[in-house]
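*Asks:* Have a look at this one before I ask anything.
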Amino acid sequence: MKEILFTSNKSNTIMTKGEGMYLWDENGNKYLDFVAGWAVNVLGHSPEIITDVLYKQSKELLSCSPQFYNKKMIEFAKLLVDNSAFEKVFFTSTGAEANEGAIKLARKYGKLKLNGAYEIITLKNSFHGRTLATMSASGKEKFKELYEPKVTGFKHVLINDISDLKKNITKNTCAIMLELIQGEGGVNLLDEMYIKEVRKICDELKILLIFDEIQTGFGRTGKLFAYEHFNIIPDIMTVGKGIGGGLPLSAMLTHKFLDIFEVGDQGGTYCGNPITMAVGIAVLNEIIEKKLSINSQKMGDLICSELSKISKVKNIRGKGLLIAFELENIYGGKFIQKAMENGLLINSPKENTIRLFPAINIMKEHIDRFFELFKETLIQF
Ligand SMILES: *Cc1c(COP(=O)(O)O)cnc(C)c1O
């Protein structure tokens, strides 16, 4: 692995196989996976539903250039529209790319409808991706001094603070972009009142509201999309991670009034390629048919109620199967390392915080096993 360019401190463990809720490394060690590829493998590892469709579609058509529509792209766009509050879809491959599309669309709208307004307001602590523009959009403290000069036109305001937001809106503002639950920021929830107030402000000023649902979408929070919890519909929504069940797929959903891109404004070689489209269709159909959003809510509630019985676990928060909590006086990085040695994969987005985001088709038996391994690890501290 010395040939791989260093970008982060990765574990030396090499994973070789995945099946359902479990991963195996090259030495045959088995891990119960509560990270799920970072909220990606919503149906678990290598489910037949995905492997079958991959085989079938790869025999039919892998790619046919963005010059043509393809059947799977048309079918998937319709399925997304039928199951959401949106009428238009633009497909991409990664979350960051979907957000880039949202940023471009907001700026295009600002140019056409708001006298050239281009500024986008996001929240402090937010995470929107790792391209230069989405790093600039992110309110992550550590990104601040990186890769200067960044893409200009982003302002970061305090979470759940309407007056800080209002202070920062000017005639240059074209959009407000929010994660309904900040995932990378440590699972911080937006207040319902705040979201409703932001929608009102956007309506009054004709500013666009963008929800980044890349982590919260596809059944993760107990609804197909997190906006359904609040009955607040954004002007643009981006989705990623779970949508492809493990394949690189993302999308931007929007409304007819924002069908304003002109030739040359936006595109990409892999936008809507048949192989990821076929997988996306299979994933979404499975979530709907098996009512996995409801399962996400039920299993999430079960995990939270069991966690609340453990005295070292503090400040349990989240929705559905996007859960975080703090471990009293235990450093998260150390804890997840020990958990892994015991055969359990969990995540720590910061300091003492532990985050859980397993596959949404998880069953009670996996949760029972989780608590065995979790408690076994806790005793070692
Ligand atoms: C993961 C994530 C992204 C970036 O997605 P990539 O596929 O890594 O580019 C953007 N926004 C949110 C909220 C995310 O959780």
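The values are calculated or read from the model by the stated rules, or taken from the named source; none is laboratory data. Worth saying up front: this structure is predicted, and the values here are computed from it rather than measured. Neighbour counts run over all protein chains shown; Cβ positions are idealised from the backbone, glycine included. Protein only, heavy atoms only, side chains kept; ligands, DNA and RNA dropped before computing areas. Shrake-Rupley method; radii C 1.70, N 1.55, O 1.52, S 1.80 Å.
*Asks:* Top mean-square fluctuation among Tyr118, Tyr31, Tyr69, Gaussian network model of the chain, C-alpha springs under 10 Å?
*Replies:* Tyr69
*Asks:* Could you tell me whether segment 168-325 comes out rounded, prolate or oblate from its Cα gyration tensor? Rule is a ≥ b ≥ c as square roots of the eigenvalues, rounded for a/c under 1.5, then prolate if a/b exceeds b/c, otherwise oblate. Could you put the intermediate results ahead of the total?
*Replies:* Values: a/c = 2.29, a/b = 1.24, b/c = 1.85.
Because a/c hits 1.5 or more and a/b fails to exceed b/c, segment 168-325 counts as oblate.
*Asks:* Moving to a separate point now. For the Cα atoms of the chain, what angle does the longest principal axis make with the long axis of helix 364-379, in degrees from 0 to 90, nearest 10?
*Replies:* On a 0 to 90 degree scale, this one is about 70.
*Asks:* Mean residue ellipticity at 222 nm from the helices of the chain, using -39,500 (n - 2.57) per DSSP H segment of n ≥ 4 over the full residue count, to the nearest 500 deg cm²/dmol?
*Replies:* On the way: 11 runs with 133 residues, N = 381.
One gets -11000 deg cm²/dmol as the mean residue ellipticity at 222 nm.
*Asks:* Averaging sequence separations of C-alpha pairs under 8 Å and six or more residues apart, then dividing by the length of segment 239-324, give the relative contact order as a whole percent.
*Replies:* 22 percent
*Asks:* Do the alpha carbons of any pairs in Lys223/Lys290; Lys144/Lys196; Lys88/Lys171; Lys30/Lys290; Lys291/Lys312; Lys314/Lys338 sit beyond 24 Å of each other, and which pairs?
*Replies:* Pairs exceeding the cut-off: Lys144/Lys196; Lys88/Lys171; Lys30/Lys290; Lys291/Lys312.
*Asks:* Considering the options Ala282, Gln266, Met340, tell which one lies farthest towards the positive end of the dipole of segment 254-343, charges being +1 on Lys and Arg and -1 on Asp and Glu at the Cβ, about the Cα centre.
*Replies:* About the Cα centre, the residue reaching furthest to the positive side is Met340.
*Asks:* At a temperature of 10 °C and a viscosity of 1.306 mPa s, determine how fast segment 116-216 diffuses translationally according to Stokes-Einstein, using the Kirkwood radius over alpha-carbon pairs as Rh; express D in µm²/s, rounded to the nearest whole number. If you can, show how the numbers build up before the last one.
*Replies:* Values: Rh = 13.6 Å.
D = 117 µm²/s.
*Asks:* Could you give the size of the charge dipole of the chain about its Cα centre, using +1 on the Cβ of each K and R and -1 on the Cβ of each D and E, expressed in debye and rounded to the nearest 20? Each step should come with its number before you reach the end.
*Replies:* On the way: 48 positive and 45 negative charges, 116 e Å.
Dipole magnitude for the chain comes out near 560 debye.
*Asks:* Distances over 39 Å make up what percent of all Cα-Cα pairs in the chain? Write out the running numbers ahead of the final one.
*Replies:* On the way: 11269 of 72390 pairs.
Tail of the P(r) past 39 Å holds 16 percent of the pairs.
*Asks:* Same structure, new question: Please report, as a whole percent, how much of the solvent-accessible surface of segment 138-179 comes from carbon and sulfur atoms (probe radius 1.4 Å).
*Replies:* On the way: 1340 of 2410 Å².
Answer for segment 138-179: carbon and sulfur cover 55 percent of the accessible area.
*Asks:* In degrees, nearest 10, range 0 to 90: what is the angle between the Cα axis of helix 48-60 and the longest Cα principal axis of the chain?
*Replies:* The helix 48-60 is inclined about 50 degrees to the chain.
*Asks:* I'd like the distance between the alpha-carbon centres of segment 107-136 and segment 9-60, rounded to an integer number of Å.
*Replies:* 34 Å
*Asks:* OK, next. Using the Karplus equation 6.51 cos²θ - 1.76 cosθ + 1.60 (θ = phi - 60°), what ³J(HN,Hα) coupling, rounded to whole Hz, does each residue of segment 330-347 give in order, writing x for Gly and Pro?
*Replies:* Those phi angles translate into 10, 6, x, x, 5, 5, 5, 5, 5, 4, 5, 4, 8, x, 10, 9, 9, 10 Hz.
*Asks:* Also, I was wondering about something else. Lys59: which lysines have alpha carbons under 21 Å from its alpha carbon, excluding same-chain residues fewer than 8 sequence positions away?
*Replies:* Of all the lysines, those that pass the test against Lys59 - Cα under 21 Å, at least 8 places apart if same chain - are Lys71, Lys72.
*Asks:* Rounded, prolate or oblate, given the Cα gyration tensor of segment 97-150, with a/c below 1.5 counting as rounded?
*Replies:* Prolate shape, in that a/c is at least 1.5 and a/b is the bigger ratio.
*Asks:* A further question on this structure: Once the Cα atoms of helix 71-82 and of the chain are each reduced to a long axis, what angle between those two axes, in degrees from 0 to 90 to the nearest 10, is obtained?
*Replies:* 90 degrees
*Asks:* Taking the Cβ of Tyr331 as the center, what net charge do the other residues with Cβ under 12 Å away carry, scoring Lys and Arg +1 and Asp and Glu -1?
*Replies:* Net of charged neighbours comes to 0.
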